[in-house]
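The values are calculated or read from the model by the stated rules, or taken from the named source; none is laboratory data. All values reported here derive from a predicted model rather than from experimental measurement. Cβ atoms come from the backbone with ideal geometry, glycine included; neighbour counts cover every protein chain shown. With ligands, DNA and RNA removed, areas are computed over all heavy atoms of the protein, side chains included. Shrake-Rupley method; radii C 1.70, N 1.55, O 1.52, S 1.80 Å.
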Amino acid sequence: MSLPSLADLRATARVVSLPLHTRFRGIDVREALLLEGPEGWTEFSPFAEYDDAESAAWLAAAIEYGWQPTPAAVRDTIPVNATVPAVPAASVPGVLARFDGCRTAKVKVAEPGQVLADDVARVRAVREAMGPEGRIRVDANGGWNLDEAEHAVHALAEFDLEYVEQPCATVAELAELRGRIRYMDIPIAADESVRKADDPVAVARAGAADLLVIKAQPLGGLRRALSVVAEAGLPAVVSSALDTSVGLAMGVALAASLPDLDFDCGLGTASLLAADVTDEPLRPRGGSLPLRRVVPDASLLDAHAATPERRDWWLARLERCHAVLAESS
């Protein structure tokens, strides 16, 4: 695919700033740059701390989704999980109420400034709210060292965990932890070890994970993500990076095109946003999302437009990432 010109990208670029219901991943507002290509609207939204080299993969994904047809789908609805931020246990029922029909919950743990007792209380509250048939997975975002992770898995095991996502930061730690807790029959999922790695399949080769968490934008697009799953040979969970509904539609297209979908996907995060770019956001209904592209509403793009200073920041970032892609093509 030829790279669209920077002028073509800038011509439709809209930068939005969307408030969250609850602080998540250290932010209260999610910013994103939306673009319209021949195939429809698409999203470029790497987090602010990511450098240009890493962010360029997100732009490649946005261009692929907006300028190329999506891979053939094998399903038209995607089951999704609820996402529970690192909130106090008493706030858990209110969070889960925003995820209609979801019978799986991913619970954030290992939050900076909190302790394991906070995680235990939060996961216990999720189990109480969801009952014995609900599925619970926890996500540490690499926040534990090896011994902390082993201790935490033991402390949380009573809640019948579906899996533990990125308990430690490095592939070597994941492999060691997987050996230590194998007798507990609690799988380990790799996220950052896939999407931030120079070699996304290294975690599979090292025997460091039982499944992969994949995200379309960080991996450079739908086709790249599908190739990673195929090469790794492990089950995959499609997740999001707190995208707007436009970006979530890209993730839904990825999940719809996977040959196998054994786990509920982490694509329900529009429910964490207090506002979106469309009057028909991709929020779970009956625990699932439909396969469809999302068209932003002009009035909402205006209502949630970023400040001129933030718009200029995003357009400068777009230009730098475009240069990275042009140099590598």
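Selection among 257, 107, 217 by position relative to the dipole of the chain gives 257 as farthest towards the positive end (Cβ unit charges, Cα centre). Pairing the Cα long axis of helix 171-180 with the longest principal axis of the chain, what angle in degrees results, from 0 to 90 and rounded to the nearest 10? So the inclination is approximately 30 degrees. Between residue 157 and residue 262, residue separation times 0.36 nm minus the direct Cα-Cα distance comes to 35.6 nm. Relative contact order of the chain, taken over Cα pairs closer than 8 Å and 6 or more residues apart, is 24 percent.
Peptide packing: for 68-74, 112-118, 171-177, 228-234, the average count of neighbouring Cβ atoms within 10 Å per residue gives the ranking 171-177, 228-234, 68-74, 112-118, highest mean first. Counting only the Cα atoms, the chain fills a convex hull of 125 Å³ per residue. Rounded to the nearest 5, the antiparallel percentage of DSSP beta bridges internal to the chain is 45%.
Whole-percent P(r), the stretch 173-329, all Cα pairs, 5 Å bins from 0: 1, 8, 15, 17, 17, 15, 13, 8, 4, 2, 0, 0. Within the stretch 176-201, list the residues whose amide N lies under 18 Å from a label point set 7 Å along Cα→Cβ of residue 145. Of the residues in the stretch 176-201, 176-178, 180 have backbone N under 18 Å from the label point off residue 145.
Dimensions of the stretch 52-152 along the principal axes, based on C-alpha atoms and rounded to the nearest Å, stand at 47, 34, 22, largest first. Summarising the label geometry, the points placed 7 Å from Cα in the beta-carbon direction at residue 77 and residue 7 lie 4.7 nm from one another.
At an R0 of 25 angstrom, the distance between the Cβ atoms of residue 202 and residue 320 translates into a FRET efficiency of 0.35. Here the stretch 77-290 exposes an accessible surface that is 49 percent carbon and sulfur, computed with a 1.4 Å probe and the other protein chains kept in place.
The HN-Hα couplings worked out from phi for the stretch 223-238 by the Karplus form 6.51 cos²θ - 1.76 cosθ + 1.60 (θ = phi - 60°) are 5, 5, 5, 4, 5, 4, 4, 4, 6, 5, x, 10, x, 10, 10, 7 Hz, whole numbers, x standing for Gly and Pro.
Using every pair of separate Cα atoms, the Kirkwood estimate puts the hydrodynamic radius of the stretch 73-221 at 15.8 angstrom.
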